[in-house]
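One structure is given here, and the rest of the page talks about it.
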Amino acid sequence: MRKTVMVGLSVLLLGGTACSAPEADGSQRRVAAPASEEARAGAATCERLLGTAAVGWLKQVARPADLRMESEIDVPDRAARLQRQVREWDPQSAGKLDPFPFLDMCKIGAEAAAGAYTVQYARSVLRWDEVREAGDTYIEVNRDLALVHGTAERGRGGSYMVYIRCGIPGAAPEQKDELPIQGFLHDGLTGDTDPRPHFAHLLHSARVMVEVLGCTNKPVVPGQPPASVR
């Protein structure tokens, strides 16, 4: 069952949402109401994936008063599903895996905006040696990590991808080359076209996923994209 969590970002770090309360003169003032446990859990997923610096950047760049967070699946659950599927993969049956749809691990948007800032993870449909063709701009970070940038379409925002050559514990040895892990960030919210902050946020999420997935080859994920990213 799909689970969606929405909380007001302006009061998210205080652990509550806002409501109105009457003053003595009959006017209304805004007071914090306790956030639900589910809402706090969803907010924690976004902050864990993106980091507090990214949340602050979004508040500064996007600026809508009604900025909200949503989460369809948390980090441990997504990692467990990825691990389970790739462990079931048989090198002799490549291409016969069941579909593994992307789910929004974190989605930050606004009621007044058509787009959102989303982060998703899934197994890649491309082999590691095919990743170079995944987008318009390919940046090799190291032997286990690559960044790909798709050209933004008018009105649809920019797309940023990270591919991780990650050996899942218990999976076939060929898995890390045949089934790399893909992270996907889409920015349909801010209108910012500078790839550096987007890739920095995506790399933060990649470090989280590498740790939780327990990649046996221990990919090195830097804190910032290479200097060549402009």
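The values are calculated or read from the model by the stated rules, or taken from the named source; none is laboratory data. Everything numeric here is computed off the predicted structure, so don't read it as measured data. Because the Cβ atoms are built from the backbone with ideal geometry, glycine has one as well, and the counts that use them run over all protein chains shown. In case anyone asks, the SASA skips ligands and DNA or RNA and just uses the protein heavy atoms, side chains included. Shrake-Rupley method; radii C 1.70, N 1.55, O 1.52, S 1.80 Å.
Per-residue surface analysis assigns E130 an accessible area of about 60 Å², computed on protein heavy atoms at 1.4 Å probe radius.
A Cα-only calculation for region 130-230 places Rg and Dmax at 13.7, 43 Å. Could you please report the charge total around V119, scoring K, R as +1 and D, E as -1 over all other residues with beta-carbon less than 9 angstrom from its beta-carbon? Within the 9 Å Cβ shell, the charges total 0.
Full extension of the chain between V61 and R143 yields a length gain of 26.2 nm, computed as 0.36 nm times the residue separation minus the alpha carbon distance.
Ranked by solvent-accessible area (1.4 Å probe, protein heavy atoms only, all chains present), the residues K59, K107 order from largest to smallest as K59, K107.
To the nearest 10, the accessible area of D129 is 110 Å² with a 1.4 Å probe.
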